[in-house]
Amino acid sequence: MADKTPIEWTDATWNPIVGCSVVSPGCTNCYAMRLAGTRMKSHPSRVGLTRDSKAGPVWTGEVRLMEPWLTQPLRWSKPRMIFVCAHADLFHEAVPDDWIDRVFAVMALAPQHTFQVLTKRPERMRKYLTLPVQGAWAGRACQETDDGRLVDLTDARMRVHSALCDLLPKTPAAQLNLASEIQEQHGDGFMPRWPLPNVWLGVSVEDQRRADERIPILLDTPAAVRWISAEPLLGPIDPTRICIVPKVAGSPRAGIHIDALRGRYVESRMPYIGSWDADGPYPAGALPRRLDWVVAGGESGPGARPANPQWFRDLRDQCAAAGVPYLHKQNGEWVSVSEVAGDGPHHRFADGRTVRRIGKKAAGRLLDGVIHDGYPEARPHG
């Protein structure tokens with residue numbers, strides 16, 4: 001956890017959870033996993049979270065809930081962007097729902113900050129944020145006016161409300177005054193707006209397969225801002241053609257694809273307002289669901305795999321054409337041989353492009369001589 005961080009797209013990190021498990025190729029050289037198994041191996045917060053292997057430290061699947069760090073953002077008065085769970089996944093299967101409730105309650109009590117959540121487990125994220133109200137609240141009015149629209153009263157919203165009320169005695173007075181000016185007030189305490197307007201929800205996608213799997217689920221999840229992090233980028237990704245229904249072999253019917261940057265179906269160009277099999281009906285006036293931000297970067301550190309510069313260019317150009325902000329985090333360890341002279345390991349891609357390994361610092365952030373630092377703005381949409 002740090003009030004300052006070298007991560008290019010955020011201002012601070014907040015780790016109410018540490019520990020994770022490997023779920024896809026993008027996890028292979030995870031910096032948090034490597035750190036937990038090397039430099040911080042003996043730190044009380046990391047002991048036992050990794051095991052040694054021939055390839056280096058590997059997550060054991062254990063997660064640790066860091067109670068002392070839970071309320072840290074409430075003591076940061078200056079507004080900042082905060083990366084949530086930089087050394088874990090908030091929606092990891094081992095994280096209890098009531099802990100996620102408390103994390104969201106802290107974010108609701110700190111409306112001056114922007115919280116950036118990133119997951120490789122969007123199925124649980126969607127379920128958590130969309131599950132209809134349960135328990136004692138079941139059967140009560142399940143719709144209410146929020147920003148002029150009818151929205152479902154979700155189970156998570158009610159549980160976060162309860163967790164928020166429990167946190168009020170631990171909240172500094174100045175922070176509580178700030179929060180009370182922004183939050184909706186009800187007779188029984190704070191009722192957070194939903195989805196939280198200061199929380200950006202994103203998924204990690206390292207290649208087209210993971211983009212096809214995770215982006216549609218993200219688009220089905222209510223959020224003020226939806227974003228993707230393509231880091232490490234291990235293959236080309238086309239966000240304008242995300243497959244939600246694959247073509248069946250031998251069938252004359254084509255698959256179904258969405259343009260995630262514009263919020264529409266590729267084949268019909270009709271607005272995309274939710275997955276083809278999601279529960280309906282959708283509310284009247286529902287707005288298209290699309291990505292609001294794209295971050296991409298190459299891999300760094302020991303064992304870093306090369307990225308083709310053309311993969312970054314294609315993402316940059318697609319975002320520019322759709323009006324979606326693009327942030328190029330880093331080139332990683334490798335750059336095009338046409339840009340940097342010298343020696344070093346080379347890798348040649350199938351399209352003939354060749355990259356040379358020169359190290360993260362030397363490779364830098366320039367893409368075709370330009371720094372790309374696009375950021376989104378929260379906006380009302382489906």
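The values are calculated or read from the model by the stated rules, or taken from the named source; none is laboratory data. Values in this document were obtained by computation on a predicted structure and should not be read as measured data. In this analysis, Cβ positions are derived from the backbone assuming ideal geometry, glycine residues included, and neighbour counts consider all displayed protein chains.
Data overview
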{"quantity": "From THR60, THR38, THR13, residue being buried (at least 17 other Cβ atoms within 10 Å of the Cβ) and farther than 21 Å from TYR128 by Cα", "calculated": "THR13"}
{"quantity": "Test: ARG379 is among the basic types (Lys, Arg) and either at pLDDT below 95 or over 27 Å from the mean Cα position of the chain (by Cα) (or both)", "calculated": "yes"}
{"quantity": "Number of the condition not met by VAL340 [criteria: (1) within 30 Å of LEU196 (Cβ to Cβ); (2) surrounded by 15 or more Cβ atoms within 10 Å (Cβ to Cβ)]", "calculated": "(1)"}
{"quantity": "Residue tally, condition of a type outside the set (Gly, Ala, Ser) and closer than 12 Å to ARG64 by Cβ, over the range 15-39", "calculated": "5"}
{"quantity": "Residue in the range 241-300 that is modelled with the lowest pLDDT, counting only those that are assigned to a strand (DSSP E or B) and in contact with a Ser or Thr (Cβ under 7 Å, 6 or more places away or on another chain)", "calculated": "ILE244"}
{"quantity": "Positions within the range 138-161 being closer than 24 Å to ARG124 by Cβ, outside any strand (DSSP E or B), aliphatic (A, V, I, L, M) and at pLDDT below 85, in sequence order", "calculated": "ALA138, LEU153"}
{"quantity": "Filtered residue count, the range 53-95, keeping only those that are closer than 26 Å to VAL295 by Cα, in a loop (DSSP other than H, G, I, E, B) and small (Gly, Ala, Ser)", "calculated": "1"}
{"quantity": "Residues satisfying the stated conditions in the range 321-346, i.e. part of a strand (DSSP E or B) and modelled with pLDDT of 95 or more", "calculated": "TYR326, LEU327, HIS328, LYS329, GLN330, TRP334"}
{"quantity": "Positions within the range 96-125 being under 18 Å from ASP155 (Cβ atoms) and part of a strand (DSSP E or B), in sequence order", "calculated": "none"}
{"quantity": "Search result, residues across the range 41-57 that are among the charged types (D, E, K, R), loosely packed, with under 15 Cβ neighbours inside 10 Å and at pLDDT 95 or above", "calculated": "ARG51, ASP52"}
{"quantity": "Qualifying residue in the range 32-39 (condition: closer than 19 Å to ALA230 by Cα, at pLDDT 95 or above and of a type outside the set (Gly, Ala, Ser))", "calculated": "yes"}
{"quantity": "Meets criteria (modelled with pLDDT under 95 and touching a Pro at 6+ places or on another chain (Cβ under 7 Å)) for LEU164", "calculated": "yes"}
{"quantity": "Scope the range 78-94; condition over 17 Å from VAL199 (Cα atoms) and surrounded by fewer than 21 Cβ atoms within 10 Å (Cβ to Cβ); matching residues", "calculated": "GLU93, ALA94"}
